[in-house]
1. So, in the range 13-38, how many residues would count as being at pLDDT 75 or above, under 20 Å from residue 60 (Cβ atoms) and open to solvent by 50 Å² or more (accessible area, probe 1.4 Å)?
2. Restricting the search to the range 132-162, which residues are closer than 28 Å to residue 71 by Cβ and small (Gly, Ala, Ser)?
3. Could you list, in sequence order, the residues of the range 71-86 that are open to solvent by 40 Å² or more (accessible area, probe 1.4 Å) and either within 23 Å of residue 15 (Cα to Cα) or touching a residue at least 24 places away in the same chain (Cβ under 8 Å) (or both)?
4. How many residues does the range 99-123 hold that are modelled with pLDDT under 90, among the small types (Gly, Ala, Ser) and open to solvent by less than 60 Å² (accessible area, probe 1.4 Å)?
5. All but one of (1) in a helix (DSSP H, G or I); (2) of a type outside the set (Gly, Ala, Ser); (3) on the phi > 0 side of the Ramachandran plot hold for residue 95; which doesn't?
6. Looking only at the range 129-138, which residues are open to solvent by less than 80 Å² (accessible area, probe 1.4 Å) and over 15 Å from the mean Cα position of the chain (by Cα)?
7. Right, residue 87: at pLDDT 90 or above and in a helix (DSSP H, G or I) or not?
8. Exposed (fewer than 10 other Cβ atoms within 10 Å of the Cβ) and without any contact (Cβ under 8 Å) to a residue 60 or more places away in the chain: which single residue out of 149, 126, 154 fits that description?
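The values are calculated or read from the model by the stated rules, or taken from the named source; none is laboratory data. Because the structure is a prediction, the values reported are computed rather than measured. FYI the Cβ positions are ideal-geometry reconstructions off the backbone, even for glycines, and counts take in every protein chain you see. Each accessible area value is taken on the protein alone, full model and side chains, heavy atoms only, with ligands, DNA and RNA left out. Shrake-Rupley method; radii C 1.70, N 1.55, O 1.52, S 1.80 Å.
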Amino acid sequence: MALTRAVVFELARCHPQLEILVTQAGRWTDRVAGDARVTGIEAPDGLAPWLARVDVAIVGGGVSLYEAVAAGLPTVAVPVVPAQQPTIRGFAARHLTADACGAGPTMPRVLARRVVDRFARLAVDAERRRYVAHAGPRTVDGRGAERVARAIVALAEAAGRG
């Protein structure tokens, strides 16, 4: 929560033209410097409707990253837990997200500046945004569970023959 708050404050400070949507924000969202551009949202059924409203998103390294990439939305990814770092690095290696974890200090204010810097660079990088819009939905197509099920059936059938 401290990092989310720091990122929101930094975004509002550096980019006064932005409308900022924050999931799982809590009551503090309404008090961000009295800023009407910051809105806390609820997304109990997924982020798709909200992702469709934005040009760039800052997400965690879990389901929200997969949802954004599947939607072809450029993202800056920040791990919520250390176990998300390999996922973020994998997406970043394929140029499907900007990795905000990187090396260096992880104090909320310092990390918030790094996140907002990557956000600003991504927002003006039209080529990268086009790439993600094209490659993202091809990479994360939402059919992974079907592929895994087919692979399990194939393995079980092969084991039954052997």
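1. Taking the range 13-38 as the starting set, the residues that turn out to be at pLDDT 75 or above are 13-23, 38.
Add one more test, that the residue is under 20 Å from residue 60 (Cβ atoms), and what stays is 18, 20-23, 38.
Next, from what is left, pick out any that are open to solvent by 50 Å² or more (accessible area, probe 1.4 Å): 23.
Residues flagged as at pLDDT 75 or above, under 20 Å from residue 60 (Cβ atoms) and open to solvent by 50 Å² or more (accessible area, probe 1.4 Å) within the range 13-38 amount to 1.
2. 133, 135, 136, 142, 144, 145, 149, 151
3. Hits for the range 71-86 are 71, 85.
4. 4
5. Against the list (1) in a helix (DSSP H, G or I); (2) of a type outside the set (Gly, Ala, Ser); (3) on the phi > 0 side of the Ramachandran plot, residue 95 comes up short only on (1).
6. 135
7. So residue 87 passes the test.
8. Working: 149 fails: exposed (fewer than 10 other Cβ atoms within 10 Å of the Cβ); 154 fails: exposed (fewer than 10 other Cβ atoms within 10 Å of the Cβ).
Only one candidate qualifies: 126.
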